[in-house]
1. Would you calculate, for chain B, the mean residue ellipticity at 222 nm contributed by helices, counting each DSSP H stretch of 4 or more residues as -39,500 (n - 2.57) and dividing by all residues, to the nearest 500?
2. In the neighborhood of A:ALA130, defined by Cβ-to-Cβ distances under 14 Å, what is the net charge if each Lys or Arg adds +1 and each Asp or Glu adds -1?
3. Please sort A:38-46, A:83-91, A:149-157 by packing, taking for each peptide the average over its residues of neighbouring beta carbons within 10 angstrom, highest first.
4. Give the carbon-plus-sulfur fraction of the accessible surface of region B:48-140 in %, rounded to a whole number; probe 1.4 Å, heavy atoms of protein chains only.
5. Need one value for B:156-166: mean number of C-beta atoms belonging to other chains within 10 Å of its residues' C-beta atoms.
6. Give the nm distances, rounded to one decimal, from A:ASP22 to the matching residue in every other copy, measuring between label points 7 Å along Cα toward the beta carbon; shortest first.
7. Leaving out ligands and nucleic acids, note down the accessible area per residue over chain A with a 1.4 angstrom probe, in whole Å².
8. Mind checking the dipole of chain B: about its Cα centre, +1 per Lys or Arg Cβ, -1 per Asp or Glu Cβ, Debye to the nearest 20?
Protein chains: 2
Amino acid sequence: MTGPRAYHHGDLRRALLAAALDAIEEVGPAALSLRDLARRAGVSHAAPAHHFGDKAGLLTALAAQGFDLLAQKLVNADDVLEAGVAYVDFAVTHRAYFEVMFRPELYRADDAELIAARERSGAALRSGVATLPTGAAPADTDRDALAAWSIAHGFATLWLAGALPERVGDDPRTAARDVLRRLAR
Amino acid sequence: MTGPRAYHHGDLRRALLAAALDAIEEVGPAALSLRDLARRAGVSHAAPAHHFGDKAGLLTALAAQGFDLLAQKLVNADDVLEAGVAYVDFAVTHRAYFEVMFRPELYRADDAELIAARERSGAALRSGVATLPTGAAPADTDRDALAAWSIAHGFATLWLAGALPERVGDDPRTAARDVLRRLAR
DNA sequence: GTGCCATCTTGTCAATGGCAAGATAGGATT
DNA sequence: AATCCTATCTTGCCATTGACAAGATGGCAC
């Protein structure tokens, strides 16, 4: 809402979110420590509580940011295939966001701002699938979107989990395009 | 039922693993507490450490069990489509196992027993794809397997995360079969 | 019976999340 | 200007947890 004003710290809320992204990339979202974030930002251990209430509050804000960022990436994609590639690219590039977004037990899934952001992501995904040049029924479009989402999401999470064999290569975009094509053909 | 014995539990290792499955279904694998498991099993707070070393040790054992269980489900499937359905069914039915298996930051991914079990799962998956009646090259088979794995894994994780819209229905097997068919056609 | 050893307990410590109460600062009200 | 107001941040505290160390227990080999 109101822009960050220069108080004691200046921009603590933003600084904590940025520190959280770094920390999550290092230790994962579950092992995130509010006190560690406070240390990184140079404030006392209870400062984060004021801005986010508790750890779930901070992760809720992070997840909402993530869904918005993802929505932007998806609407900029040219077609369904590239939207899928963009999805995987987002997951790998913004790993911290992605890992929080799909772990609703870590945040408040009923948060209004978060639900809105998630809805924007979903709409972007569906609109990409709807532009497919097939005379499919709407119900089929739903399932097509779900299939596209599933394969992109699955590849992304498997990549992040390090579960894929080495021969897949080290470029997630290329490998993802190769895999996603199998659905779109 | 074997009540809590005076000193030696009798089958503490198994009891702790069973308690861990319950606890993970309740609070997720990250919020798992060794001391809580000890209380559930009626032993002292340090007893789990003897059997598993630390929390990662316990989750390593759980993950290995899970990969073995999954491998069994996959080899019993008739074709690729049903293997995918079995994969999703495993994730939903044995949610606790599944949630640990693909979170390697929680356990020791270099554990020998775990690697062996994971390899058995992978082999079961690939062998299903290889039986497809297509004159595809081996390299294509690899990619086909990866695509099948991705879409099944993606659907399963999205289902578990509660990310899917309600109109997908409440039966994961039926919905999964509908989605997976889009790859196999 | 004796000794051995896996099993389990008790005790302890640092780290964490969360709460409560207080301190601080910048603007608003009068 | 003096005072109030409120968001911001600090200090202090407590229960819980993971991990470690040292000791207690009991089954089992000999």
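The values are calculated or read from the model by the stated rules, or taken from the named source; none is laboratory data. Just so it is clear, the model here is predicted, and its values are computed rather than measured. All Cβ positions, glycine included, derive from the backbone under ideal geometry; neighbour counts span all protein chains shown. Quick note on the areas: whole protein, heavy atoms, side chains included, nothing else; ligands and nucleic acids left out. Shrake-Rupley method; radii C 1.70, N 1.55, O 1.52, S 1.80 Å.
1. Working: 9 runs with 127 residues, N = 185.
After summing the helix terms and dividing by residue count, I get -22000 deg cm²/dmol.
2. Working: positive: A:ARG126, A:ARG143; negative: A:ASP79, A:ASP140, A:ASP142, A:ASP144.
Value of the local net charge: -2.
3. On the way: A:38-46: 14.6, A:83-91: 24.3, A:149-157: 27.1.
Packing proxy ranking, top to bottom: A:149-157, A:83-91, A:38-46.
4. 54
5. Details: counts 4, 8, 7, 1, 2, 8, 4, 9, 3, 5, 0.
For this peptide, the per-residue mean of nearby foreign Cβ atoms is 5.
6. Values, ascending and in nm: 4.3.
7. Numbers: 9210 Å² over 185 residues.
Each residue of chain A exposes 50 Å² on average to a 1.4 Å probe.
8. Rounded to the nearest 20 debye, it is 260 debye.
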